[in-house]
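S.K.: Questions regarding the structure given below will be posed in turn.
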């Protein structure tokens, strides 16, 4: 049985100039096999060396793509097979290394980085760029820890680190740069000791401050790229905007519970910025922090190392950066998904007509009061202590007195059920914040309601919500159950 | 590019099937093109009817030289003229035409003659 095969113009010279050829065969692969036996010059253009149809060759049977059926599909008398070019091409603009300088390697360094030096994409040239690189890490917490450790090991010459916090027991589950013996120590001191122990060649520049609109440009301007390891929206927007204004690539990572995300923001290199993706922050309280929602420590290593990986690629100018793409990791499914982030031409910071041209008040922008201001690392929801109590706040000492006097009030614990299992204050009503909008009517309107959570942030939001529902007598326990454990009842664990 | 016996007399534009937005160093519609096979088939059939052949493909290389990339070589068809226009900062600065060797090993540059 002979089947008619249409030959595209491009290949006709190899088929004696014919537009159609009659070839015997009962299946598509038989027909094409016979065709390329008869006209051997066609073969290298249709098939790759491993005998597969080339990816730019499309075969249609009566105008139907055979890819759905496979090439073992039967063909019958009267069928027409068409070979159709899928025409593709183009050239990627080369990504230049963001580090133009090169710092000569010592003999000790040549030995140290030998596994990089024999990688063709790094080589001596790439390693010299890595050595010349000045990288700024915002935060030395969950993400900052693996980033700092690996970039130091990789030979980054200068690492700046912005961090105001001290090491806490609750950090040790994920902030692997800090050890048990470091609890109470400033995180920068703790980090510097480990980094210098890994690589004494490192030039480590500590910034023991909170990054703010007043100091961000000054700190970032001396660096080649920034890795954002913050856990709160005000700092994230601040770092984004400052990096856009200073034309510094911003390698972003974030983690929550069992999930993580990473991307590279660099409008000056053709990619989007954080605001192209998220023009406005979510309402305060909608997205819980890791201190409130928990986080699997291991995720920090996975996401932080993706950030470190992207930083190295940018420095040496190799590969395809995670730009215009958001990588989302799900630890439970063990799956990565990629989302495209288009650049927004109307972006207020990196768009054609930017409206944000200098740094703004990011706490206000994110709708956050000064009292619940975020920090840079894992446990940033720093609560007010006794001094500076707000008009709605009571101290844990006052709560103790009210309980001792047997005052008539309802103590409401708005934490999550998992946290109830860790510790509770006797006699409290358990009403998790997410359920409050459905269940608030369970609370009496005529009695004083005292709200508490872990450290005061969520109960503050619960208070505002209840007030909006017409509740008049409300108080918030400043410092939450952690302050209670610290100052009133040592049998209650802090977490 | 349509014509007969090596003389291009007509240009037909085909939409780029890739519509993804630019990302530096990444693949996107800015630096990759793909012509829908069915669109191509239609163009070739129309040309056949009018006694013309598809003689080649023209595409641009934004901000890089007018020479074929490895990707171009990997996806090239024989007997086509690949006219590549280098566009730097929105301006066409250089055009070269290339032809794939029959053994697919490389492209050879070919002369382009412009006549009235």
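S.K.: Return only the number of the condition from (1) at pLDDT below 90; (2) in a helix (DSSP H, G or I) that residue A:400 does not satisfy.
M.R.: For residue A:400, the failing item is (1).
S.K.: Which of the numbered conditions does residue A:103 fail, given that it passes all the others? Conditions: (1) within 14 Å of chain B (Cβ to nearest Cβ); (2) within 25 Å of residue A:192 (Cβ to Cβ).
M.R.: Unmet for residue A:103, out of (1) within 14 Å of chain B (Cβ to nearest Cβ); (2) within 25 Å of residue A:192 (Cβ to Cβ): (1).
S.K.: Between A:194, A:189, which is crowded, with 17+ Cβ neighbours inside 10 Å and assigned to a helix (DSSP H, G or I)?
M.R.: The conditions single out A:194.
S.K.: OK, next. What tally of residues in the stretch A:292-308 results from selecting those that are modelled with pLDDT under 85 and touching a helix residue (DSSP H, G or I) at 6+ places or on another chain (Cβ under 8 Å)?
M.R.: 1
S.K.: Does residue A:478 count as out of contact with any helix residue (DSSP H, G or I) (no Cβ under 7 Å at 6 or more places or on another chain) and crowded, with 18+ Cβ neighbours inside 10 Å?
M.R.: Judged against the criteria, residue A:478 is a match.
S.K.: Could you identify the single residue in A:99, A:130 that is under 30 Å from the mean Cα position of the chain (by Cα), outside the structural domain of residue A:162 (by TED's automatic domain parsing) and crowded, with 22+ Cβ neighbours inside 10 Å? Before the answer, list the steps.
M.R.: Values: A:130 fails: outside the structural domain of residue A:162 (by TED's automatic domain parsing).
Among A:99, A:130, only A:99 is under 30 Å from the mean Cα position of the chain (by Cα), outside the structural domain of residue A:162 (by TED's automatic domain parsing) and crowded, with 22+ Cβ neighbours inside 10 Å.
S.K.: What is the one condition in (1) modelled with pLDDT of 95 or more; (2) assigned by TED's automatic domain parsing to the domain that holds residue A:8 that residue A:76 does not satisfy?
M.R.: In the conditions (1) modelled with pLDDT of 95 or more; (2) assigned by TED's automatic domain parsing to the domain that holds residue A:8, residue A:76 misses (1) alone.
S.K.: If residue A:9 meets every condition in (1) within 14 Å of another protein chain (Cβ to nearest Cβ); (2) loosely packed, with under 13 Cβ neighbours inside 10 Å; (3) closer than 18 Å to residue B:103 by Cα apart from one, which number is that one?
M.R.: The single condition residue A:9 does not satisfy is (2).
S.K.: The conditions are (1) touching a strand residue (DSSP E or B) at 6+ places or on another chain (Cβ under 7 Å); (2) within 26 Å of residue A:49 (Cβ to Cβ); (3) exposed (fewer than 15 other Cβ atoms within 10 Å of the Cβ), and residue B:93 fails exactly one of them. Which is it?
M.R.: Tallying (1) touching a strand residue (DSSP E or B) at 6+ places or on another chain (Cβ under 7 Å); (2) within 26 Å of residue A:49 (Cβ to Cβ); (3) exposed (fewer than 15 other Cβ atoms within 10 Å of the Cβ), residue B:93 fails exactly one: (2).
S.K.: Listed residues A:81, A:87; which is under 30 Å from residue B:14 (Cα atoms) and over 39 Å from the mean Cα position of the chain (by Cα)?
M.R.: It is A:81.
S.K.: Would you pick out the residues in the stretch A:255-266 that are surrounded by 24 or more Cβ atoms within 10 Å (Cβ to Cβ) and either at pLDDT 95 or above or not in a loop (DSSP other than H, G, I, E, B) (or both)?
M.R.: A:255, A:260, A:262, A:263, A:264, A:265
S.K.: Against the definition (touching a helix residue (DSSP H, G or I) at 6+ places or on another chain (Cβ under 7 Å), farther than 18 Å from residue B:40 by Cβ and without any contact (Cβ under 8 Å) to a residue 60 or more places away in the chain), how does residue A:43 come out, yes or no?
M.R.: Criteria met by residue A:43.
S.K.: Counting just the residues of the stretch A:52-71 that are more than 13 Å from chain B (Cβ to nearest Cβ) and at pLDDT below 80, which one comes out surrounded by the fewest Cβ atoms within 10 Å (Cβ to Cβ)?
M.R.: Among residues in the stretch A:52-71 that are more than 13 Å from chain B (Cβ to nearest Cβ) and at pLDDT below 80, the one surrounded by the fewest Cβ atoms within 10 Å (Cβ to Cβ) is A:68.
S.K.: Also: Can you find even one residue in the stretch A:307-325 that is touching a residue at least 12 places away in the same chain (Cβ under 8 Å), within 14 Å of chain B (Cβ to nearest Cβ), in contact with a strand residue (DSSP E or B) (Cβ under 7 Å, 6 or more places away or on another chain) and surrounded by fewer than 24 Cβ atoms within 10 Å (Cβ to Cβ)?
M.R.: yes
S.K.: Oh, and also: Of the residues B:48, B:15, which is within 9 Å of chain A (Cβ to nearest Cβ), without any contact (Cβ under 8 Å) to a residue 40 or more places away in the chain and surrounded by fewer than 17 Cβ atoms within 10 Å (Cβ to Cβ)?
M.R.: Exactly one of B:48, B:15 is within 9 Å of chain A (Cβ to nearest Cβ), without any contact (Cβ under 8 Å) to a residue 40 or more places away in the chain and surrounded by fewer than 17 Cβ atoms within 10 Å (Cβ to Cβ), namely B:48.
S.K.: Report whether or not residue A:288 is in the same structural domain as residue A:245 (by TED's automatic domain parsing), at pLDDT 80 or above and surrounded by 17 or more Cβ atoms within 10 Å (Cβ to Cβ).
M.R.: no
S.K.: Looking at this structure, is residue A:49 more than 18 Å from residue B:73 (Cα to Cα), modelled with pLDDT under 90, assigned by TED's automatic domain parsing to the domain that holds residue A:10 and out of contact with any helix residue (DSSP H, G or I) (no Cβ under 7 Å at 6 or more places or on another chain)?
M.R.: Criteria not met by residue A:49.
S.K.: Let me ask something additional. All but one of (1) within 20 Å of residue A:11 (Cβ to Cβ); (2) at the interface with chain A (Cβ under 7 Å from one of its Cβ atoms); (3) touching a strand residue (DSSP E or B) at 6+ places or on another chain (Cβ under 6 Å) hold for residue B:79, so report the exception by its number.
M.R.: In the conditions (1) within 20 Å of residue A:11 (Cβ to Cβ); (2) at the interface with chain A (Cβ under 7 Å from one of its Cβ atoms); (3) touching a strand residue (DSSP E or B) at 6+ places or on another chain (Cβ under 6 Å), residue B:79 misses (3) alone.
S.K.: Quick one: in the stretch A:231-254, of everything that is free of Cβ contacts under 8 Å to residues at least 60 places away in the same chain and either outside the structural domain of residue A:273 (by TED's automatic domain parsing) or part of a helix (DSSP H, G or I) (or both), which residue is farthest from residue A:300 (Cα to Cα)?
M.R.: The residue in question is A:246.
S.K.: Among (1) under 14 Å from residue A:313 (Cα atoms); (2) not assigned by TED's automatic domain parsing to the domain that holds residue A:299, which single condition is residue A:120 missing?
M.R.: Every condition holds for residue A:120 apart from (2).
The values are calculated or read from the model by the stated rules, or taken from the named source; none is laboratory data. As the structure is a prediction and not an experimental result, all values here were calculated from the model. Every residue, glycine among them, receives a Cβ derived from its backbone with ideal geometry; neighbour counts consider all protein chains shown.
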